[in-house]
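Read the structure below first, then the notes.
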């Protein structure tokens with residue numbers, strides 16, 4: 001009946017006739033090429049260029065001294081007090097932000113995982129801070145911290161935490177708390193939503209089995225919920241740490257790294273070095289140092305994950 | 001050791017009643033099987049006994065103590081779940097010893113009890129494995145081990161074998177029977193599989209539509225079903241039920257045949273005659289109560305199943321012990337074993353049950 005089917009081809013057999021070489025050695029890479037080309041252009045080339053910049057002197061304000069300088073930038077970095085201050089600030093900023101975001105995000109996820117009215121609406125609303133443009137939230141938080149127009153210094157003073165309603169962002173000892181507060185507000189939804197998804201994937205009968213076995217609510221949490229969340233916790237904490245360590249937007253808008261470099265973190269230092277001082281060589285060296293530190297951190301975390309996560 | 005009493009126990013979700021006035025006494029050491037079609041409320045009843053589902057009304061007592069508001073962990077009952085509900089991040093040993101870990105039992109006692117239970121269940125070599133590295137049957141054993149180790153006063157099983165293949169199901173069924181013999185603990189077992197119910201139970205509770213239809217020993221239910229539902233639910237292949245009219249000293253079938261049944265009540269009522277496939281004999285055409293044409297004949301070796309089309313009555317299934325020479329298309333006579341016949345009133349209740357086997 002089907003006159004168009006060549007009788008030489010058995011049913012189910014491919015009708016395409018291609019040499020083995022084409023099919024197995026070349027064809028797969030043709031399909032992969034869009035992704036490979038894109039990743040190469042967008043990520044690998046800039047990475048190599050950036051790393052090569054860190055071994056050169058490229059300062060727009062000093063155009064005569066352009067050229068390869070070996071490890072000069074790194075040597076300067078080693079003896080640069082501002083770099084070490086920024087590194088310490090980066091640690092403090094990242095650890096405080098990630099810890100608070102994670103802790104509060106987990107709490108929020110546990111709350112959202114309970115049954116209550118309008119749960120879906122609340123879940124959607126919780127995600128809102130994530131959708132606000134960073135500079136808008138930074139500006140808003142900067143105003144909230146401003147004692148002239150913002151309420152926060154007055155509340156803190158009323159609670160006795162501050163002696164008087166001063167400008168927190170202007171006090172070198174306290175300034176970092178401003179961006180951290182904004183960052184926590186901004187980042188809680190990410191943890192809440194991802195952890196909520198992980199929570200919802202835990203089979204309910206495990207809790208029933210544990211209940212029959214005599215486990216209390218706290219034991220259910222530590223012996224079932226946490227082990228189940230562990231893979232998600234490991235991956236989200238790693239991602240967030242990397243993002244937050246690189247996340248200079250809030251700091252740049254709220255304090256600009258000041259006062260007296262008290263809120264300068266490595267990524268904002270890279271930004272000011274590159275685009276204020278226009279010293280691309282030195283900025284690249286700082287960026288490579290930050291990249292190295294984050295790679296070491298990720299490697300350690302993945303190792304820990306391998307050891308503790310069994311699911 | 002546990003004696004359980006359910007007094008007018010009810011369960012409703014909002015205005016939907018799923019269980020009505022459940023009255024049941026379970027003796028210490030008894031093996032009770034709750035059986036019924038899906039949606040009949042059997043799992044809900046089990047979960048109410050476990051404490052995982054609140055009881056909407058009535059009283060539930062264990063050893064005379066009211067349990068309605070007692071938390072599951074304080075009821076001292078172990079449960080084996082249909083999904084096994086093994087903790088996937090814990091190895092077999094920790095899964096089995098979890099209840100002792102929770103109670104803070106010393107590690108060496110825990111290890112000893114786990115090893116003991118593992119030996120009886122044949123899990124000794126698997127103690128360090130994670131659940132995902134086990135086969136279905138092994139997971140089932142671990143779930144049972146987790147229950148045994150607690151030495152509870154009652155075991156609950158929620159369709160524990162439904163995820164296993166047929167061969168393994170038979171094996172685990174025997175294992176559960178052996179476990180009950182060895183421990184002598186009260187067990188309540190939920191299943192929709194009547195073979196499991198008939199083979200395991202001391203007493204079977206047949207549930208349908210939120211009501212208990214009948215409680216009795218497996219043979220009781222087979223020989224003396226209280227109504228048409230139980231008659232058709234218990235026994236395989238299913239009982240044949242055909243419309244009939246009460247007549248003096250028997251019933252008259254729609255095709256005009258008269259079946260003599262002693263001790264039957266009023267004549268003239270519309271009733272139904274129930275007869276199990278194994279209680280019909282195949283005789284030569286013209287020699288039986290009914291005339292039929294064989295539509296399909298299955299030779300199973302030990303038995304022969306005949307799907308017959310009875311003249312003026314419709315389809316009927318006949319099961320004959322051994323092999324007979326019948327083939328599809330043959331004309332047959334069917335003889336109904338009157339002493340094994342059931343008669344049901346229009347509302348389904350049994351008017352006459354099979355005579356007690358001696």
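Brief remarks follow.
- Calculated FRET value between residue B:305 and residue B:13, using beta carbons and R₀ = 41 Å, to 0.05: 0.45
- Relative intensity of segment B:146-212 on a log10 scale, I(q)/I(0) at q = 0.12, 0.20, 0.28 Å⁻¹, equals -0.32, -0.88, -1.44, per a Debye sum over C-alpha point scatterers of equal strength in the absence of solvent.
- Nearest 10 degrees, 0 to 90: helix B:136-148 Cα axis against chain B principal axis: 60 degrees
- If you look at the Cα atoms of segment A:75-310, you get an Rg and a Dmax of 20.5, 66 Å.
- Packing-based exposure ordering (other Cβ within 10 Å, fewest first) of B:222, A:297: A:297, B:222
- q = 0.15 Å⁻¹: log10 I(q)/I(0) that the Debye formula gives for chain B, counting C-alpha atoms only: -1.20
- C-alpha center-to-center spacing [segment B:120-156, segment A:253-280] in angstrom: 60 Å
- Kirkwood radius and radius of gyration were both taken over the C-alpha atoms of segment A:13-53, and their ratio Rg/Rh is 1.31.
- Relative to the longest principal axis of the Cα atoms of chain B, the long axis of helix B:107-121 lies at roughly 20 degrees.
- Largest first, the three principal axis extents of the alpha carbons in the protein assembly as shown are 122, 80, 52 Å in whole numbers.
- Computed [θ] at 222 nm, deg cm²/dmol, chain A (DSSP H ≥ 4; -39,500 (n - 2.57); rounded to nearest 500): -20000 deg cm²/dmol
- Using a cutoff of 8 angstrom between alpha carbon atoms and counting only pairs six or more residues apart, the relative contact order for segment A:125-284 works out to 25 percent.
- Separation of alpha-carbon centers, segment A:137-163 and segment B:189-220, rounded to whole Å: 70 Å
- For A:282, A:207, order by how many other beta-carbon atoms lie within 10 Å, fewest first: A:207, A:282
- Structure-based [θ]222 nm, chain B - -39500 (n - 2.57) summed over DSSP H runs of at least 4, per residue, nearest 500: -6500 deg cm²/dmol
- Principal axis dimensions, largest first and in whole angstrom, of segment B:96-139 by Cα: 30, 19, 14
Each value in this text was obtained by applying a stated rule to the coordinates, not by laboratory testing. None of these values were measured; they are calculated from a predicted model. All Cβ positions, glycine included, derive from the backbone under ideal geometry; neighbour counts span all protein chains shown.
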